[in-house]
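A quick write-up on the structure given underneath.
Each reported figure results from applying straightforward, stated rules to the coordinates on display, with no laboratory input. This structure is a prediction, so every number in the text was calculated from the model and none was measured. Methodologically, a virtual Cβ is constructed for each residue, glycine included, from the backbone with ideal geometry; neighbour enumeration extends over all protein chains shown.
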Amino acid sequence: MINPSRIFDVASEAEFRSLALEIARFQMENCAIYRDFARLMKVEAVHSLEDIPFLPIRFFKELEVVSTPVSEKPLVFMSSGTGEQGRSKHIVTDPSLYQQSYSLGFKQYFGDPKDWVILALLPNYLEQGNSGLVNMVEGLIAQSEHPLSGFVLNEMEHVHERYVQALASGRKCMLFGVSYALLDLAEQGNDFSNAVVVETGGMKGRRKELTKPELHEALKQGLNTSEIHSEYGMTELLSQGYCGPDLIFRTPSWMRVVLRDVSDPLAHVPEDQRGAINIIDLANLNSCSFIATDDLGKLVPGGFLLEGRVNHADIRGCNQMVG
């Protein structure tokens, strides 16, 4: 068994490649779904990162993708259910891996949660339950150790008041919300010029979908803030990427994005061209670390850009329609 602590100690490209190969071999041996898929793709062994097959993300809707024994009461995350083919299910056999991943990822991008008051606007995720996003934000709220931090549900009129109190307490204030809820807040016309705004999750059928630049501009205008950040995450992953005003998503050291040809899943796409996004998430040690998503993107210096969805892919909640 691979020591999970090694995942978050990756300090070089060579270390990442070596550990990714170890995890791929471990999962091809211990995850029946991944092993069968690899054989279907005529991959019997992997000798380099380029040999590793990427499991289509839709398998999480149809099958239990696990590489380690499942306890009687595992942590189970479900997608937000905006697609027509049911909700994806991610069985998390080691919840501590998720906590380490989202905590360290947040710290790498935003700093220590103890520096923040975190106000979360995630109504639909709370309503549906079993949300990895809610679990993550709950953990970050707890780590902030501040009484003002918390979820905002059906109390939009109090958000600005809590924001003002947060600044008065000497803390920075973060508004972390699903896109449509942040737009609802923006329409109230209050000034949030000193808040850091992080949007995620799309419109969930509540509003017309907007491109990422359109959404960010609407939020900047309505919240009177100079910049918007975005979170890139999904039920099937235990790690997240974040972007700022440049729209370039940056990932932690144990997560990578590579691009595949839309019409040939085994063909890689050069950095200057658009392709379908494959994600390596080493924190997915207990399920599958190599996921072929339905998102389109382009690799750029420092990270990647999101550029829409693969044709015929289900509309999902996480950062679609960025085109």
Q: Starting from the Cα of Val76, step 7 Å along the direction of its Cβ; do the same at Glu217; then give the gap between the two resulting points in nm.
A: 4.4
(Q) Testing the spin-label approximation: label points 7 Å from Cα along Cα→Cβ at Glu15 and Glu62. State their distance in nm. (A) 3.8
Q) Between Arg25 and Val310, what length comes free when the chain is fully extended (0.36 nm per residue of separation minus the Cα-Cα distance, one decimal in nm)? A) 99.8 nm
Q.
Just want the ordering: Met78, Met174, from fewest to most Cβ atoms lying within 10 Å of their own Cβ.
A. Met78, Met174
Q. Rounded, prolate or oblate: which fits segment 245-306 when a ≥ b ≥ c are the square roots of the eigenvalues of the alpha-carbon gyration tensor, with rounded for a/c under 1.5 and prolate only if a/b beats b/c?
A. oblate
Q: Please identify every one of the GluC sites (Glu not before Pro) in segment 49-157 that sits in a loop by DSSP and has no more than 13 other beta carbons within 10 Å of its own beta carbon.
A: Glu72, Glu84, Glu145, Glu155
Q) When only C-alpha pairs under 8 Å and at least 6 residues apart count, what is the relative contact order of the chain, in percent? A) 18
Q. Contour minus end-to-end for Asp191 and Asp246, with contour as 0.36 nm per residue of separation and end-to-end as the Cα-Cα distance?
A. 17.5 nm
Q. If you place +1 on the Cβ of every Lys and Arg and -1 on the Cβ of every Asp and Glu, how big does the dipole about the Cα centre of the chain come out, in debye to the nearest 20?
A. 220
Q) Where Lys and Arg each count +1 and Asp and Glu each count -1, what net charge lies around Gly111 among other residues with Cβ under 12 Å from its Cβ? A) +2
Q: Mind checking the full-extension length gain between Asp112 and Glu145? Use 0.36 nm per residue of separation minus the Cα-Cα distance, one decimal, nm.
A: 10.8 nm
Q: Note down the nm distance, to one decimal, between modelled labels 7 Å out along Cα→Cβ at Leu153 and at His47.
A: 5.4
Q) Going by how many other beta carbons lie within 10 Å of each one, how would you line up His268, His47, fewest first? A) His47, His268
**Q.** Those aspartates and glutamates that a straight Cα-Cα span of less than 12 Å connects to Lys73, excepting residues fewer than 8 apart in one chain
**A.** Asp94
Q: Convert each backbone phi in segment 58-72 into a coupling constant with the Karplus relation 6.51 cos²θ - 1.76 cosθ + 1.60 (shift: θ = phi - 60°), then list the ³J(HN,Hα) values in order as whole Hz, x for Gly and Pro.
A: 5, 4, 5, 7, 10, 9, 8, 9, 9, 10, 10, x, 8, 6, 5
(Q) Filter the chain for me: DSSP H helices, axial length by Cα at least 20 angstrom, mean Kyte-Doolittle hydropathy not below -1.0. List them by residue number. (A) 13-30, 95-110
Q | Once exposed loop trypsin sites (Lys or Arg not before Pro) are cut out (DSSP; at most 11 other Cβ, 10 Å), longest piece of the chain | A | 43-207
Q.
Please list the three semi-axes, largest first and in whole Å, of the ellipsoid equivalent to segment 98-232, using sqrt of 5 times the eigenvalues of its alpha carbon gyration tensor.
A. 21, 18, 14
**Q.** Qualifying aspartates and glutamates (Cα of each under 19 Å from Cα of Lys114; at least 8 residues distant if same chain)
**A.** Glu138, Glu145
Q: Under 10 Å from the Cβ of Ile279, count the other residues' Cβ atoms, weight Lys and Arg +1, Asp and Glu -1, and hand me the total.
A: -2
